[in-house]
Amino acid sequence: MLFQFNRDNQIDAGEAAPDEVEDIVRSRLDRILKQVTRVEVHIGHVKESRTNEPELRCSIEVRPENMGAVAASAEGVGLEAVVRSASDKILHAFDKAVGKKAAGAAH
């Protein structure tokens, strides 16, 4: 499985280290990783929040074998929180997509 990490030019390596993000995503998506050929994560800066911590957006796209891409994103304060939230949304979207494919194959 290929893991691809991107961040916009307003995010520095100290704010979003690729290894840290990959560890979070791999641990959250562990149960589906064998069914996925690629995971792409993008971290972007949305705006400054009232607490002077930047608000971030994490977008994740997974490419399941023999299916179209599944994507989800989350926004919030704190890198770990937004990566976990986007990962959880991916799991939900993946389960829904796999369920639809299975239902379509049964008909």
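The values are calculated or read from the model by the stated rules, or taken from the named source; none is laboratory data. From a predicted model like this one, the values you see are computed outputs, not experimental measurements. Glycine gets a Cβ as well: all are built from the backbone with ideal geometry, and neighbour counts include every protein chain shown. These area figures cover heavy atoms from the full protein model, side chains too; ligands, DNA and RNA do not enter into them. Shrake-Rupley method; radii C 1.70, N 1.55, O 1.52, S 1.80 Å.
Before moving on, here are some points about what is shown:
- Those residues of the range 65-102 which are acidic (Asp, Glu), outside any helix (DSSP H, G or I) and under 21 Å from Arg38 (Cα atoms), in sequence order: Glu65
- Residue that is under 10 Å from the mean Cα position of the chain (by Cα) and assigned to a helix (DSSP H, G or I), where the choices are Val39, Val62, Val21: Val21
- Total residues in the range 42-71 satisfying the condition of being open to solvent by 20 Å² or more (accessible area, probe 1.4 Å) and closer than 21 Å to Gln4 by Cα: the figure is 13.
- For the range 20-30, a residue qualifies if it is in contact (Cβ under 8 Å) with a residue 24 or more places away in the chain and open to solvent by 70 Å² or more (accessible area, probe 1.4 Å), and the qualifying residues are Glu20, Arg28.
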